[in-house]
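Q: Can you read through this structure? Questions will come right after.
The values are calculated or read from the model by the stated rules, or taken from the named source; none is laboratory data. All values reported here derive from a predicted model rather than from experimental measurement. Here the Cβ positions follow ideal geometry from the backbone for every residue, glycine too, while neighbour counts run over all protein chains shown. Side chains included, ligands, DNA and RNA excluded: accessible areas come from the protein's heavy atoms. Shrake-Rupley method; radii C 1.70, N 1.55, O 1.52, S 1.80 Å.
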Amino acid sequence: MIDLNWSAEVRAAREQGKPIVALESTIVTHGMPWPRNVEVARQVEDDIRKGGAVPATIAVLEGMLHIGLENGQLARLGQAGNVAKLSRADLACCLATGGTGSTTVAATMIAARHAGIEVFATGGIGGVHKGAELTFDISADLQELAQTPVTVVAAGAKAILDIPKTLEVLETLGVPVIAYHQDDFPAFWSASSGHPAPLRMDAPEPIARAHRLRAALGLPGGQLVANPIPEGDEILADELVPVIAAAQRAAERQGIAGKALTPFLLKAIFDATEGRSLTANIALVRNNARLAARIAAALVNFDREGTVPAPHPL
Ligand code: PSU
Ligand code: MN
């Protein structure tokens, strides 16, 4: 087993059997500008605490995999330039070379699994980029959902992605895509993408129960809970269509590809909406943190009551 570096708070929560929610760090280093990124990361951690769970922000610092960051560690990571963005492919190399990096959805799921954390909150997942039929740009996040047993709460996928193709790939991979409290798959800044989600649930308990029942069936992989942005915080899709198209053209012109593409598009949209994209982003991440805390609490209750079947021995 890999050496994990636990924050004091997460270590205590494990000993006491408290619910824990994992958080990614790429959203901090590549998803939002400093200093708001650090403020938001702290706010999201507090939302999880208020929801009765303990936050575990995940990152690699000087070759150590951290499960939960102390205040100073989070502040330094949020301010550091040139932090590596670590997905499944990069994690072991970063640990081997003593590097520092933030974890994407895929890498955070891998770390959470090692730490025994079953629920993870973020903003949006990576998916199938527009034009993927030519570029083949499909995020490793989708494959990770198919193989690592963590329930991920996100506000759907950004409209920078091809949402119907993203849903098709998730279906092929056998990933449950569960819209929360509505029929439509949400589109990050907008509550509705115009595409129905394959599944819908209206409370945290059945989501937690389904998580355990997948294990009881011997199925690998996690679940994607697609939680719409709260009413009032939305940016309507109509307003974003031209902004996203312009960002995409700029990326093409400048030859931006691979891991650099998602951060480039986010920054371009932030600039074009004069920061309104960030305000919406903050509202939805906090909303996801609150739901994730309730799902994690439901899992702990099942364990106390012994009301859910044990994992399949396969
Ligand atoms: N989508 C967002 N904000 C983000 C990301 C995605 O709305 O910050 C980050 C997440 O860490 C996600 C990663 O896992 O980008 C996906 O990157 P890629 O498309 O290169 O796999
Ligand atoms: Mn990609």
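Q: Could you tell me how many of the residues in the stretch 244-254 are more than 15 Å from ligand 2 (Cβ to nearest atom) and surrounded by fewer than 20 Cβ atoms within 10 Å (Cβ to Cβ)?
A: Here the count works out to 6.
Q: Additional query: Return yes or no: is residue 236 crowded, with 18+ Cβ neighbours inside 10 Å, closer than 20 Å to residue 186 by Cα and under 23 Å from the mean Cα position of the chain (by Cα)? Write out each step before concluding.
A: Numbers: crowded, with 18+ Cβ neighbours inside 10 Å: no; closer than 20 Å to residue 186 by Cα: yes; under 23 Å from the mean Cα position of the chain (by Cα): yes.
Spelling it out, it is not the case that residue 236 is crowded, with 18+ Cβ neighbours inside 10 Å, closer than 20 Å to residue 186 by Cα and under 23 Å from the mean Cα position of the chain (by Cα).
Q: Here's something else I'd like to know. Which ones in the stretch 141-153 are buried (at least 24 other Cβ atoms within 10 Å of the Cβ) and in contact with a strand residue (DSSP E or B) (Cβ under 8 Å, 6 or more places away or on another chain)?
A: Initially, the stretch 141-153 is screened for residues buried (at least 24 other Cβ atoms within 10 Å of the Cβ), giving 141, 144-145, 151-153.
Scanning the stretch 141-153 gives 141, 145, 151, 152, 153.
Q: Pick out the one residue from 112, 107, 96, 84 that is out of contact with any Asp or Glu (no Cβ under 9 Å at 6 or more places or on another chain) and modelled with pLDDT of 95 or more. Before you say what the answer is, go through the steps one by one.
A: Details: 112 fails: out of contact with any Asp or Glu (no Cβ under 9 Å at 6 or more places or on another chain); 107 fails: out of contact with any Asp or Glu (no Cβ under 9 Å at 6 or more places or on another chain); 84 fails: out of contact with any Asp or Glu (no Cβ under 9 Å at 6 or more places or on another chain).
Unique residue meeting the criteria: 96.
Yes or no, residue by residue, for (1) more than 24 Å from residue 299 (Cα to Cα); (2) small (Gly, Ala, Ser); (3) away from ligand 2 (no atom under 16 Å from the Cβ):
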residue: 176; (1), (2), (3): no, no, yes
residue: 192; (1), (2), (3): yes, yes, yes
residue: 221; (1), (2), (3): no, yes, yes
residue: 256; (1), (2), (3): yes, no, no
residue: 263; (1), (2), (3): yes, no, no
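Q: Of all residues in the stretch 79-100, which are farther than 26 Å from residue 225 by Cβ and either in contact (Cβ under 8 Å) with a residue 60 or more places away in the chain or surrounded by 24 or more Cβ atoms within 10 Å (Cβ to Cβ) (or both)?
A: 95 - this is the single residue of the stretch 79-100 that is farther than 26 Å from residue 225 by Cβ and either in contact (Cβ under 8 Å) with a residue 60 or more places away in the chain or surrounded by 24 or more Cβ atoms within 10 Å (Cβ to Cβ) (or both).
Q: Testing residue 307 on (1) within 29 Å of residue 213 (Cα to Cα); (2) of a type in the set (Val, Ile, Thr); (3) crowded, with 21+ Cβ neighbours inside 10 Å, one condition comes back false. Which one is that?
A: (3)
Q: Can I ask one more? Scan the stretch 220-232 and give yes if some residue there is open to solvent by 50 Å² or more (accessible area, probe 1.4 Å), under 29 Å from residue 135 (Cα atoms) and either without any contact (Cβ under 8 Å) to a residue 24 or more places away in the chain or under 17 Å from the mean Cα position of the chain (by Cα) (or both), otherwise no.
A: Of the residues in the stretch 220-232, the ones open to solvent by 50 Å² or more (accessible area, probe 1.4 Å) are 220, 231-232.
When the remaining residues are screened for being under 29 Å from residue 135 (Cα atoms), the result is 220.
Pick out the ones that are also either without any contact (Cβ under 8 Å) to a residue 24 or more places away in the chain or under 17 Å from the mean Cα position of the chain (by Cα) (or both) and you get none.
The answer is no, given that none of the residues of the stretch 220-232 is open to solvent by 50 Å² or more (accessible area, probe 1.4 Å), under 29 Å from residue 135 (Cα atoms) and either without any contact (Cβ under 8 Å) to a residue 24 or more places away in the chain or under 17 Å from the mean Cα position of the chain (by Cα) (or both).
Q: Filter the stretch 124-138 down to the residues that are open to solvent by 40 Å² or more (accessible area, probe 1.4 Å) and in a helix (DSSP H, G or I), then identify the one that is nearest to ligand 1 (Cβ to nearest atom). Steps first, please.
A: First pass over the stretch 124-138, keeping only residues open to solvent by 40 Å² or more (accessible area, probe 1.4 Å): 130, 133-136, 138.
Cutting the leftovers down to in a helix (DSSP H, G or I) gives us 133-135.
Details: 133: 16, 134: 16, 135: 11 Å.
By that ranking, first place goes to 135.
Q: Please work out if residue 112 is open to solvent by less than 10 Å² (accessible area, probe 1.4 Å), among the hydrophobic types (A, V, I, L, M, F, W, C), out of contact with any helix residue (DSSP H, G or I) (no Cβ under 9 Å at 6 or more places or on another chain) and within 18 Å of residue 44 (Cα to Cα).
A: Here the answer is yes, as residue 112 does meet what is asked.
Q: Next question, about the same structure. Of the conditions (1) out of contact with any Lys or Arg (no Cβ under 7 Å at 6 or more places or on another chain); (2) within 15 Å of ligand 1 (Cβ to nearest atom), residue 188 fails just one. Which one is it?
A: (1) is the only condition that residue 188 fails.
Q: I've got another one for you. Only one of 12, 56, 41, 22 is out of contact with any helix residue (DSSP H, G or I) (no Cβ under 7 Å at 6 or more places or on another chain) and of a type in the set (A, V, I, L, M, F, W, C). Can you tell me which?
A: Details: 56 fails: out of contact with any helix residue (DSSP H, G or I) (no Cβ under 7 Å at 6 or more places or on another chain); 41 fails: out of contact with any helix residue (DSSP H, G or I) (no Cβ under 7 Å at 6 or more places or on another chain); 22 fails: out of contact with any helix residue (DSSP H, G or I) (no Cβ under 7 Å at 6 or more places or on another chain).
Criteria check complete, one pass: 12.
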